[in-house]
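Trainee: Below: one structure in structure tokens.
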Amino acid sequence: MTIQAQGEITVVPQMKKGDVRTYITEASTNGKVDISQNSTTRFKVVNASKKGYVIEQNTSFPEDGSGLTINGMSSANSMLGSVAAFIGNTPVLINLDKNTTPVGIKNFKYIKEETRKNITESFNKEATKSGISSNEALMVMQGLTNLIMDYITEASVLDGYKFNESVLTLNGKTIKDGDTEIISNFKGFKMHKTYAVEGNKVIVDAKLNLTKEETKQLLTEMFSKIKPMMSEMAPILDMVIESGQAKIEVVSKNVYEIGEDGWVEKLTTDATGSFIGEQTSMKTITKLSVEK
């Protein structure tokens, strides 16, 4: 339940087997490429005990393809669209401890296997449609597949609920007005968070700012996976990173509205990001739609 005191709040959502919460999310990213996404996410408590809980997450997109658009065009028939649809059709079983904090992914092995299968099929379909047949192009596709799969670990999936902002991120926390926290993701990159408490609202100001060493590590890994010969670009990367042109930073303001039963009723995120000279802005609104 939500326990409130002056400038303090404890968030432990009430859960019993069979409980369902459904959220509607509208998200947009504006930058060199404009992306909009509308989806529905359903959480169901499939197991509850004194030791903790298991909840099943299912995300779905509109059947007409309008749920994911790029520069105003539906991506329903694109590789990105097919991958997004797959993710939505794959249930994620999340292990929670007795305080409802996410601690593991129960069906991670299945998710990993199915993700590789789907990405490979999507790349092959895209290559056939585009008439790509050169060894170099196929090598790039294989490199992209390996890059994506390297980033899909149980820890990286958990980051979606702990490091990033989600309707489960505050679960199990007692938050005082003015609290600060540093959270590391699966790569060891650090997110600095500052909390403010206003009644049933929790405002989280978050900042991710990679050091030059972390930026070099990330870009070197990416280039070496996408195209092996790109690893020879290390001297050029050093020059670009030292000049400040390869800055990687994300700053966000996140507002949680917590219900009396401890579940998030609304989460609004406004963020700006800088990635290798490209500036983007992101806005996400997630609302509780159905309570049962």
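Trainee: State whether the range 138-208 is rounded, prolate or oblate according to the following rule on the C-alpha gyration tensor (a ≥ b ≥ c being the square roots of its eigenvalues): a/c under 1.5 gives rounded; otherwise a/b larger than b/c gives prolate, and the remaining case gives oblate.
Mentor: prolate
Trainee: What shape does the range 157-196 have by the C-alpha gyration tensor, where a ≥ b ≥ c are the square roots of the eigenvalues, rounded means a/c under 1.5, and otherwise prolate means a/b greater than b/c and oblate the rest?
Mentor: oblate
Trainee: Okay, next question. Any chance you could run the full-extension gain for Asp238 through Met222? It's 0.36 nm times the residue separation minus the Cα-Cα distance, nm to one decimal.
Mentor: 4.3 nm
Trainee: Related question: Report, in listed order, any pair from Lys32/Lys247; Lys44/Lys207; Lys173/Lys216; Lys50/Lys112; Lys247/Lys283; Lys201/Lys247 with a Cα-Cα distance greater than 25 Å.
Mentor: Those over the limit are Lys44/Lys207; Lys173/Lys216; Lys50/Lys112; Lys201/Lys247.
Trainee: Here's something else I'd like to know. Give the calculated FRET efficiency between Lys266 and Gln14 to the nearest 0.05, with a Förster radius of 22 Å applied to their Cβ-Cβ distance.
Mentor: Once the sixth-power term is evaluated, E becomes 0.80.
No value in this document is a laboratory result; all are computed from the given coordinates. This is a predicted model, so every value here is computed, not measured. Cβ coordinates were reconstructed from backbone atoms using ideal geometry, including for glycine residues, and neighbour counts include every protein chain displayed.
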